[in-house]
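These notes are about the structure you will find just below.
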Amino acid sequence: MKKEADLPAAENPEELLDIKVTEPKKWAAGIPAIYEAGKDVFDEAGLIRGIKGLFHMNRKGGFDCSSCAWPDPDDDRSPIAEYCENGAKALAEESTTKKITAEFFEKNAVADLAKLNDYEIGKKGRIAQPVYLPKGGTHYEAISWDDAFKKIARHLNKLKSPNEAAFYTSGRTSNEASFIYQLFVREYGTNNLPDCSNMCHESSGVALSEVIGIGKGTVTLNDFYDTDVVIIMGQNPGTNHPRMLTALEKAKKNGAKIIAINPLREAGLIAFKNPQTVPGVLGRSTPLADLYLQLKINGDLALLKAIEKLLYEAELKEPGKVFDLDFIRDKTVHYNDFIHHLKQYDPEQLAKEAGVPFSQVMEAAEMLKHKSRIIICWAMGITQHTNAVDTIKEITNLVLLKGSIGKQGAGLCPVRGHSNVQGNRTMLIFDKPKPEQLDKLKSVFGFDPPREHGYNVVDSIKAMHEGKLKVFFAMGGNFLSATPDTTYTAEAMRKLDLTVQVSTKLNRSHLVHGKEALVLPTLSRSDKDVINGEDQFISCENSMGVVQLSKGVLTPISGELLNETKIICELAKATLGSRSVIDWDKYAYSYDEIRDVIAKVVPGFEDYNKKVRQPGGFYLPNGPREGKFLTGKDIKKALFSITTIPEYKLAADEYILTSIRSHDQFNTTIYGLEDRYRGVHNERRVIFMNESDMMRGGFKAGEKVDLFNYHAGIERAARLFVIVPYDIPEGNTAAYYPETNVLVPIDCVAKGSNTPTSKRIVIKIKRHAG
């Protein structure tokens, strides 16, 4: 048995904090959300700076929250606050007055900083100047911007092929910076553009592009206000998208029913205390889920098929009353093949495979039977499984059967987890660009972009390991903490000649690095971006295809910060020199010039500069929203799909682990050590277990254990976790990431999308050896 080397001490600590466990909450938000939001912002930014930031966040003419991608209301934005607790915490992180200079790094060796946990690292403050770690060095040291660009350019220009470099993108990056970034990378000569979407909704993009002709959702926020049923699958809005709770509350008040589908009982799916209403302040909550289907991890595909089979049986009894036969005839293909496949299934057996009582499955089918205004939402609990693409196709099958797309109050809603991750892809951040997109770049700019597909995230990590990549450039994000198989990825990154991180704050990816490393500080979303004495704005795209401006209002904590676009343009000039055909200075000093050229390249952005200045921005074209499905050259209809339920077998001592966020984090950013909704306080290294499993395994609440994965004969270990009894199906467990990413094998990915399967990890649990 091969063992992976242990991670730094912070990732496998020798002791835990003084953990406290209380009863999980049965509602989300309320007065505690107001308190926590204000506390974090004012502690980090101070009262005046904090209030200024909060007042302008998600306002028309203000700045876009750097947290999740839930859309802002078109017209009825709150007069009190258009942000949530976690959005306020995101603002606290970037508006902090604490800053990191070269003096900080003189006093703190990289090896010592690496011993800190992610929470401690993140609380050090904003990076205030460019720093460089020389080969063999122990401390980052100051470097000028010009010298930094020259150093990167030397590394890039000495490579045997541009394909020996990879250029990563985080969802925080604006539309303008994303477009200029991919332009530089492609003129440099590669499509190695891995991005954070590869690890989250890539499965959604792959599935939806194939079956409805666009890799995005089809609903608007207003659809939630005028619908009959909302189904929420593999998503925990109370923690991951808290502003969604307001939309769900409004849907409920307008008569909608909600079906929640999740292995864990989550407070944000049970009830909502709206802190912006008198009843919410007084402690009264709005019940959310009318039906809570607590299925086994990855039982979604079997559950969907069970519901579809019951609906089919109802359709046979009431022809044309359950299925939308006109829609199916006029707007879809492969219906007969789908029905032929569906007939083989026994819905009662499917319910058993899903882990849901058959009576509840029948109740779900009854709720949907005579409704067509149905919205289905999903997130990482669906997309990060081996069969994720098939599950999303099955979600679409259900919507097509009911004709629940292309009409008010109905459609598909993949809820994105980062504020511009969808915009990154729209701006051509993709390792597999379409030929017509490359043709357009060639016609507008006059160079021939590379046609060979590049590396996505998983392929990039493997290429690092194999020595095929020499330089890694990250535009934002925390690559090491976000990616799977942490030890394997760390080993891969250390083999690189150069790593470059464009960042706002210190993170673990600065501390696990290549032979040389650079950290380049940039402006945050809330920072003022001033060019030639004028305040600028950038733009972002939310989960529902709305593009709107974002204009920072806070004075940056350092005069040495550059905006992302300026960084890219200066790097392009240093790297490409006279061989470039692009006027990079024009774009370095004018976002309007960038938007004008985006309008020539990307469909839907005509008159970009004019439309983005409209209050609230503008909607991008969305064919399925209008009942148009461009799924192929000769096919202009939506596709029914044939999917198969995966078969898994576990040994008697094996469990399924799903990775989750605590309420005190956003992606890899750890705001604190509290998960008050689940009743866990002052510690993150916990594993939630079913009490029956604990009894069978001889485990006790509060016991310290180590977690192991043995995929492909390799032992992966995450050490020192505390067992917390929880309402979760037997055989299933849950724990927070990024602490559990070390257990996710690099080779376990979703078929078709190559997304790491972080929501279904086979583990063994052993008593802690320490």
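Summary table below
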| read-out | value |
| --- | --- |
| Residue check, Lys442 surrounded by fewer than 18 Cβ atoms within 10 Å (Cβ to Cβ) and under 25 Å from the mean Cα position of the chain (by Cα) | no |
| The range 212-229, residues that are under 21 Å from Asp74 (Cα atoms) and open to solvent by less than 30 Å² (accessible area, probe 1.4 Å) | Gly217, Thr218, Val219, Thr220, Leu221, Asp223, Phe224, Thr227 |
| Residue within the range 188-199 that is of a type in the set (A, V, I, L, M, F, W, C), without any contact (Cβ under 8 Å) to a residue 40 or more places away in the chain and out of contact with any Pro (no Cβ under 8 Å at 6 or more places or on another chain) present | no |
| Thr565 open to solvent by less than 20 Å² (accessible area, probe 1.4 Å), at pLDDT 95 or above, touching a Leu at 6+ places or on another chain (Cβ under 6 Å) and within 30 Å of Leu159 (Cα to Cα) | no |
| Residue match in the range 599-620 (condition: assigned to a strand (DSSP E or B) and not hydrophobic (A, V, I, L, M, F, W, C)) | yes |
| Enumeration of residues in the range 597-616 that are open to solvent by 80 Å² or more (accessible area, probe 1.4 Å) and touching a residue at least 12 places away in the same chain (Cβ under 8 Å) | Lys600, Pro603, Arg613, Pro615 |
| Looking only at the range 14-39, and only at residues there that are surrounded by fewer than 17 Cβ atoms within 10 Å (Cβ to Cβ) and of a type in the set (Lys, Arg), the one that is nearest to Gly50 (Cα to Cα) | Lys39 |
| Some residue of the range 111-118 being part of a helix (DSSP H, G or I), open to solvent by 30 Å² or more (accessible area, probe 1.4 Å) and in contact with a Gly (Cβ under 8 Å, 6 or more places away or on another chain) | no |
| Tally of residues being open to solvent by 10 Å² or more (accessible area, probe 1.4 Å) and under 30 Å from Pro357 (Cα atoms) across the range 709-731 | 6 |
| Residue ID - farthest from Val421 (Cα to Cα), chosen from residues in the range 529-541 that are open to solvent by 10 Å² or more (accessible area, probe 1.4 Å) and not in a loop (DSSP other than H, G, I, E, B) | Glu534 |
| Positions within the range 434-462 being closer than 29 Å to Gly514 by Cβ and either basic (Lys, Arg) or out of contact with any helix residue (DSSP H, G or I) (no Cβ under 8 Å at 6 or more places or on another chain) (or both), in sequence order | Arg451, His453, Asp459, Ser460, Lys462 |
| Hits in the range 493-528 - residues which are open to solvent by 20 Å² or more (accessible area, probe 1.4 Å) and more than 12 Å from Gly476 (Cα to Cα) | Arg494, Lys495, Asp497, His513, Lys515, Glu516, Lys528 |
| Filter result (part of a loop (DSSP other than H, G, I, E, B) and touching a helix residue (DSSP H, G or I) at 6+ places or on another chain (Cβ under 7 Å)) within the range 469-484 | Leu469, Lys470, Gly477, Asn478, Thr483, Pro484 |
| Whichever residue in the range 662-708 is under 24 Å from Met199 (Cα atoms) and more than 24 Å from the chain's Cα centre (by Cα) and, among such residues, is most open to solvent (accessible area, probe 1.4 Å) | Phe708 |
| Odd one out for Ser372, checked against (1) more than 33 Å from the chain's Cα centre (by Cα); (2) farther than 15 Å from Leu301 by Cα | (1) |
| Positions within the range 119-151 being of a type in the set (A, V, I, L, M), under 20 Å from Val471 (Cβ atoms) and either assigned to a loop (DSSP other than H, G, I, E, B) or touching a Leu at 6+ places or on another chain (Cβ under 6 Å) (or both), in sequence order | Ile143, Ala148 |
| Qualifying residue in the range 28-36 (condition: at pLDDT below 90 and in a loop (DSSP other than H, G, I, E, B)) | yes |
| Matching residues, the range 307-336, being over 13 Å from Asn397 (Cα atoms) and open to solvent by 50 Å² or more (accessible area, probe 1.4 Å) | Glu313, Leu316, Lys317, Glu318, Pro319, Lys321, Leu325, Asp326, Arg329, Asp330 |
| The range 453-468, residues that are assigned to a loop (DSSP other than H, G, I, E, B) and either of a type in the set (A, V, I, L, M, F, W, C) or farther than 15 Å from Thr169 by Cβ (or both) | His453, Glu466, Gly467, Lys468 |
| The range 562-588 residues that are over 19 Å from Lys528 (Cβ atoms) and in a helix (DSSP H, G or I), paired with ones that are modelled with pLDDT of 95 or more and among the small types (Gly, Ala, Ser) (beta carbon under 6 Å, 6 or more apart) | Cys569/Ala588; Ala574/Ala153; Thr575/Ala153; Trp584/Ala572 |
| Any chance Leu523 is in contact with a helix residue (DSSP H, G or I) (Cβ under 7 Å, 6 or more places away or on another chain) and on the phi < 0 side of the Ramachandran plot | no |
| Single condition Glu353 does not satisfy, out of (1) free of Cβ contacts under 8 Å to residues at least 60 places away in the same chain; (2) in a helix (DSSP H, G or I); (3) over 21 Å from Ile258 (Cβ atoms) | (1) |
| Residue tally, condition surrounded by fewer than 23 Cβ atoms within 10 Å (Cβ to Cβ), more than 20 Å from Glu85 (Cβ to Cβ) and not acidic (Asp, Glu), over the range 274-306 | 6 |
| Restricting the range 542-561 to residues that are of a type in the set (A, V, I, L, M) and in a strand (DSSP E or B), the residue that is surrounded by the fewest Cβ atoms within 10 Å (Cβ to Cβ) | Val546 |
| Helices (runs of 4 or more DSSP H) completely within the range 231-273 that count 2 or more residues being open to solvent by 20 Å² or more (accessible area, probe 1.4 Å) and either modelled with pLDDT of 95 or more or out of contact with any helix residue (DSSP H, G or I) (no Cβ under 9 Å at 6 or more places or on another chain) (or both) | 244-253 |
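Yes/no matrix, rows are residues, columns are (1) surrounded by fewer than 24 Cβ atoms within 10 Å (Cβ to Cβ); (2) of a type in the set (Gly, Ala, Ser); (3) within 26 Å of Arg416 (Cα to Cα):
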residue	(1), (2), (3)
Leu368	no, no, yes
Ser372	yes, yes, yes
Gln384	no, no, yes
Ala388	no, yes, yes
Thr391	no, no, yes
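The values are calculated or read from the model by the stated rules, or taken from the named source; none is laboratory data. Owing to the predicted nature of the structure, the values given are computational and were not obtained by experimental measurement. Because the Cβ atoms are built from the backbone with ideal geometry, glycine has one as well, and the counts that use them run over all protein chains shown. Side chains are part of the model used for accessible areas, which takes the heavy atoms of the whole protein and leaves out ligands, DNA and RNA. Shrake-Rupley method; radii C 1.70, N 1.55, O 1.52, S 1.80 Å.
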